[in-house]
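The values are calculated or read from the model by the stated rules, or taken from the named source; none is laboratory data. Because the structure is predicted, anything quoted here is derived from the model rather than measured. Here the Cβ positions follow ideal geometry from the backbone for every residue, glycine too, while neighbour counts run over all protein chains shown.
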Amino acid sequence: MANPSLLILPGDGIGPEVMAEVKRVIGWLGEKRGLAFDVSEDAVGGAAYEKYGVPLDDSTMAKAQAVDAVLLGAVGGPKYDTLDFALKPERGLLRLRKEMDLYANLRPAQCFDALADFSSLKRDVVAGLDILIVRELTSGVYFGEPRGIFTEGGERVGINTQRYTESQIERVARSAFELARKRAKKVTSVEKANVMESGILWREVVTRIRDAEYPDIELGHMYADNCAMQLVRAPKQFDVILTDNLFGDILSDCAAMLTGSLGMLPSASLGAPMANGRPKAMYEPVHGSAPDIAGQGKANPIATILSFAMALRYSYDLGDEATRIETAIEKVLADGVRTADLMGPEGGTPVTTSGMGDAILAA
Ligand code: ATP
Ligand code: MG
């Protein structure tokens with residue numbers, strides 16, 4: 001059987017710096033665990049503009065469609081601010097998401113014990129927290145027609161339409177149930193069926209998919225406003241939260257702040273199952289290209305390493321290896337190793353990007 005394939009797109013700013021540490025982890029897996037990956041690398045964003053004259057070349061797009069998973073660093077930077085809209089680095093990222101049809105966006109919120117005091121909430125509310133938000137990414141109010149600013153009866157009216165078809169709900173629901181099977185087997189589906197027809201359909205379809213295909217998964221329903229409150233009050237009650245594009249946007253940012261620094265947060269975007277049964281997938285840190293610290297060896301590589309761990313779990317069926325990496329990160333943090341973004345009021349000397357990589361590999 002061919003080795004699992006990975007396309008690495010380091011991108012701009014701190015992207016290449018944090019990606020260098022992931023490459024060391026991949027090297028380690030090959031050397032110590034006998035796990036070989038077919039790794040290829042290409043440019044995206046500003047780096048692609050410089051190499052190809054466009055933020056994502058067709059040849060790169062074709063590679064992304066062919067591999068088991070894509071791992072992306074970050075795109076953008078002040079250098080590219082004056083480019084035409086179509087050439088902006090962000091367009092490269094959007095093209096990948098759109099053409100790969102990545103409809104399920106996964107944002108885990110996991111609280112490492114050593115960083116529990118970074119949370120805006122009390123330590124005991126968040127210590128040990130491990131939840132996963134699955135946000136529908138390609139439909140809903142961000143795309144529904146009609147949309148626009150129109151004139152009606154002598155004044156302007158701004159219109160957006162929340163629109164979900166049954167098949168759009170079905171496919172993201174299946175993603176959430178599949179993910180829950182590898183976790184605590186509990187899904188909370190979030191909408192506002194009390195005031196929105198799309199919410200009524202959402203609830204009905206999610207329930208039908210669970211009953212027919214995932215009877216082993218516990219399913220609960222919650223209104224979005226209550227979910228926001230519960231995330232802040234008692235977030236550990238959740239395992240997987242399944243929700244639409246707009247509610248997911250808001251709730252995932254809320255959940256992110258339960259756990260602390262931007263430099264710690266991974267994400268995945270999944271599409272339809274491929275021939276091997278695993279979803280089309282792209283993994284990336286939640287943070288951006290951080291031009292203010294680029295080139296200084298200050299960037300925290302953990303978000304990108306955790307994104308690769310998600311790839312191990314969801315694209316390569318190597319959940320044990322993902323756990324190995326997460327456990328190493330937990331240990332390093334418990335030992336007090338910190339990049340500059342994780343320095344608390346107690347002070348100390350931060351490690352560099354590669355210093356953090358050293359510590360994780362040693363652990
Ligand atoms: P984008 O629009 O691309 O999402 P952004 O404006 O949200 O970018 P980021 O690039 O994510 O901004 O950076 C926000 C702040 O967080 C910056 O001060 C940056 O230095 C810091 N930051 C982001 N990622 C990291 C990281 N991996 N390690 C340390 N600091 C980071
Ligand atoms: Mg941002």
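Selection of segment 36-75 for residues being on the phi > 0 side of the Ramachandran plot and touching a strand residue (DSSP E or B) at 6+ places or on another chain (Cβ under 8 Å) yields only Gly45. Apart from one condition, Thr259 fits all of (1) within 16 Å of ligand 2 (Cβ to nearest atom); (2) β-branched (Val, Ile, Thr); (3) part of a loop (DSSP other than H, G, I, E, B); the exception is (1).
Among residues belonging to segment 57-90 that are more than 16 Å from ligand 2 (Cβ to nearest atom) and of a type in the set (D, E, K, R), point out the one that is farthest from the chain's Cα centre (by Cα).
Among those residues, the one meeting the criterion is Asp84.
One residue is enough: does segment 129-136 have a residue meeting the conditions closer than 18 Å to Val286 by Cβ, basic (Lys, Arg) and within 24 Å of the chain's Cα centre (by Cα)? Taking every residue of segment 129-136 in turn, at least one turns out to be closer than 18 Å to Val286 by Cβ, basic (Lys, Arg) and within 24 Å of the chain's Cα centre (by Cα).
Okay, residues lined up against (1) under 30 Å from Val206 (Cβ atoms); (2) touching a residue at least 40 places away in the same chain (Cβ under 8 Å); (3) touching a helix residue (DSSP H, G or I) at 6+ places or on another chain (Cβ under 6 Å); (4) basic (Lys, Arg):
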position: Arg97; (1), (2), (3), (4): yes, yes, no, yes
position: Val126; (1), (2), (3), (4): yes, yes, yes, no
position: Glu136; (1), (2), (3), (4): yes, yes, yes, no
position: Tyr142; (1), (2), (3), (4): yes, yes, yes, no
position: Gly154; (1), (2), (3), (4): no, no, no, no
position: Val157; (1), (2), (3), (4): no, no, no, no
position: Thr165; (1), (2), (3), (4): yes, no, no, no
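Listed conditions (1) surrounded by 14 or more Cβ atoms within 10 Å (Cβ to Cβ); (2) at pLDDT 95 or above are all met by Gly144, apart from (2).
Does Asn276 meet the test of being surrounded by fewer than 24 Cβ atoms within 10 Å (Cβ to Cβ) and touching a Gly at 6+ places or on another chain (Cβ under 6 Å)? No; evaluated as a whole, the condition is false for this residue. Looking only at residues in segment 91-120 that are in a loop (DSSP other than H, G, I, E, B) and under 19 Å from the mean Cα position of the chain (by Cα), which one is surrounded by the most Cβ atoms within 10 Å (Cβ to Cβ)? So, considering only residues that are in a loop (DSSP other than H, G, I, E, B) and under 19 Å from the mean Cα position of the chain (by Cα), the one surrounded by the most Cβ atoms within 10 Å (Cβ to Cβ) is Cys111.
Residue check: Leu333 meets all listed conditions (1) away from ligand 1 (no atom under 13 Å from the Cβ); (2) in a helix (DSSP H, G or I); (3) under 17 Å from Val22 (Cα atoms) but one, namely (3).
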